[in-house]
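Student: Here you go, one structure.
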Amino acid sequence: MLPIFIRSIKFLIGGGFVFVLGLALFGTVKDLIQNPAAETAEHAMHKPPKELKLASDGFFGKFDNAQLQRGFQVYKEVCATCHSLHSVSFRELHGIGYNEAEIKKIAKDWGTKQPVFDEKGGTWGERDNLASDRLPKVYYAGTGSPPDLSLITKARHDGGAYVYSLLTGYDEKPSPEALKHFPEFAKPAEGMHFNPYFANLNIAMPPPLTGEGQVTYADGTRPTVDNMAKDVSAFLVWTAEPHAQSRKSAGFAVILFLLFATGLAYGAYLTVWKGVKH
């Protein structure tokens, strides 16, 4: 009798626990139906990234070195003032078409130099960058800490498209219908800028690309805001995965080998079992 009584108590406790959980779930669902959550500004105004097609997209995609060099120029002349690219070394620029002499000159002429410490680690000076050095960190004097851009296209959903959309989204304003519900976005807080492609809609970074001709492309490409945004986005896709093209080639070769090996194995199977009745 005692074991049966203990089992009955266990079933009663378990059933009561399930009942309480079910009751709580029912109450939560009922409350959500009767009192749906109010629409937030982020939900109402946030936009998905614009479409961006790059030469490196897809399994057979290849980097366009001319575009990557233009993107590097935009980064160097516009973005490098505030944002570091510390995971990239100067010599890796060989991957986008620069030769050894050009890389050495780029490193030497770079605005931020490499720190040099004495034996005691106290006083320090500076030296020119070498091709083997990573791009030096930016010591930003303003408020906040702008992110390093080395892996930004891997750290953000939609990668290059996100960067492109953010750079070209400053001129877009909230719709009149959205402003009826969220009038506070008619005028962003001091030091903030409305951008519908940023997570919380207001971003402290002012528009970095301010107009056509901000840089002068050596290949004659028209330096519009749209072109500069596309080029620097393509460059940041490369910095996040500079060996993507070689990995694609290796993967393609492996797939061809596996298909060939499968054909050989099937041919061997037919030869070995030829004439054998099942």
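Student: Just name the residue that is surrounded by the most Cβ atoms within 10 Å (Cβ to Cβ) out of those in the stretch 1-50 that are outside any helix (DSSP H, G or I) and modelled with pLDDT of 70 or more.
Tutor: P49
Student: Something else now. Any idea which of (1) among the charged types (D, E, K, R); (2) in the same structural domain as H157 (by TED's automatic domain parsing); (3) surrounded by 14 or more Cβ atoms within 10 Å (Cβ to Cβ) is the one K104 doesn't satisfy?
Tutor: (2)
Student: Taking the residues in the stretch 87-101 that are among the hydroxyl-bearing types (S, T, Y) and touching a residue at least 40 places away in the same chain (Cβ under 8 Å) as candidates, determine which candidate is surrounded by the fewest Cβ atoms within 10 Å (Cβ to Cβ). It would help to see each step written out before you state the result.
Tutor: First, pick out the residues of the stretch 87-101 that are among the hydroxyl-bearing types (S, T, Y): 87, 89, 98.
Then drop every residue that is not touching a residue at least 40 places away in the same chain (Cβ under 8 Å), which leaves 87, 89.
Details: S87: 15, S89: 18.
Top of the filtered list is S87.
Student: Pick from P115, P146, P174: which is under 26 Å from the mean Cα position of the chain (by Cα), under 20 Å from K76 (Cα atoms) and at pLDDT below 90? Even if it seems obvious, please write down each step before you answer.
Tutor: Numbers: P115 fails: under 26 Å from the mean Cα position of the chain (by Cα); P174 fails: under 20 Å from K76 (Cα atoms).
Just a single option satisfies the conditions, and that option is P146.
Student: Sticking with this one: Just give me the residues in the stretch 186-197 being of a type in the set (F, W, Y) and more than 10 Å from M45 (Cα to Cα), in sequence order. Walk me through how you get there before you give the answer.
Tutor: Taking the stretch 186-197 first, the residues of a type in the set (F, W, Y) are 194, 197.
Selection gives F194 alone.
Student: Here's a follow-up. Just the residues that are surrounded by 10 or more Cβ atoms within 10 Å (Cβ to Cβ), modelled with pLDDT of 90 or more and of a type in the set (G, A, S), please, taken from the stretch 220-264.
Tutor: Residues satisfying the conditions are A229, S233, A234, A240, A261, G263.
Student: Let me ask you something else. Against the condition in contact (Cβ under 8 Å) with a residue 24 or more places away in the chain, assigned by TED's automatic domain parsing to the domain that holds E77 and of a type in the set (A, V, I, L, M, F, W, C), how does L179 come out, does it pass? If you could, list the steps in order and put the result at the bottom.
Tutor: Values: in contact (Cβ under 8 Å) with a residue 24 or more places away in the chain: no; assigned by TED's automatic domain parsing to the domain that holds E77: yes; of a type in the set (A, V, I, L, M, F, W, C): yes.
Judged against the criteria, L179 is not a match.
Student: For the stretch 248-278: of the residues being assigned to a helix (DSSP H, G or I) and aromatic (F, W, Y), which is nearest to P207 (Cα to Cα)?
Tutor: F252
Student: Still on this structure, I have one more. Considering only the stretch 206-225, state which residues are under 15 Å from G169 (Cβ atoms) and out of contact with any Leu (no Cβ under 9 Å at 6 or more places or on another chain).
Tutor: P206, T210
Student: Here's something else I'd like to know. Scan the stretch 51-86 for residues that are surrounded by fewer than 17 Cβ atoms within 10 Å (Cβ to Cβ), polar (S, T, N, Q) and at pLDDT below 95 and report the count.
Tutor: Result for the stretch 51-86: 1.
Student: Related question: Quick check on my filter: what residues within the stretch 237-250 are in contact with a Ser or Thr (Cβ under 6 Å, 6 or more places away or on another chain) and over 11 Å from A161 (Cα atoms)? Break it down stepwise before answering.
Tutor: Going through the stretch 237-250, the residues in contact with a Ser or Thr (Cβ under 6 Å, 6 or more places away or on another chain) turn out to be 237, 239-240.
Once the filter is applied, which keeps residues that are in contact with a Ser or Thr (Cβ under 6 Å, 6 or more places away or on another chain) and over 11 Å from A161 (Cα atoms), the stretch 237-250 yields T239, A240.
Student: Does any residue of the stretch 237-247 turn out to be outside any helix (DSSP H, G or I) and at positive phi? Lay out the reasoning, then the answer.
Tutor: Just the residues of the stretch 237-247 that are outside any helix (DSSP H, G or I), to begin with: 241-243.
The next check asks that each one be at positive phi; those that pass are none.
Scanning the stretch 237-247, I find no residue that is outside any helix (DSSP H, G or I) and at positive phi, so the answer is no.
Student: Which residues, taken from the stretch 242-261, are out of contact with any Lys or Arg (no Cβ under 7 Å at 6 or more places or on another chain) and within 12 Å of F63 (Cα to Cα)?
Tutor: P242, H243, A244, S246, K248
Student: Which members of the stretch 166-190 meet the condition of being surrounded by 12 or more Cβ atoms within 10 Å (Cβ to Cβ), small (G, A, S) and part of a loop (DSSP other than H, G, I, E, B)?
Tutor: G169 - this is the single residue of the stretch 166-190 that is surrounded by 12 or more Cβ atoms within 10 Å (Cβ to Cβ), small (G, A, S) and part of a loop (DSSP other than H, G, I, E, B).
The values are calculated or read from the model by the stated rules, or taken from the named source; none is laboratory data. Just so it is clear, the structure is predicted and the values come from calculations on it, not from any experiment. Glycine gets a Cβ as well: all are built from the backbone with ideal geometry, and neighbour counts include every protein chain shown.
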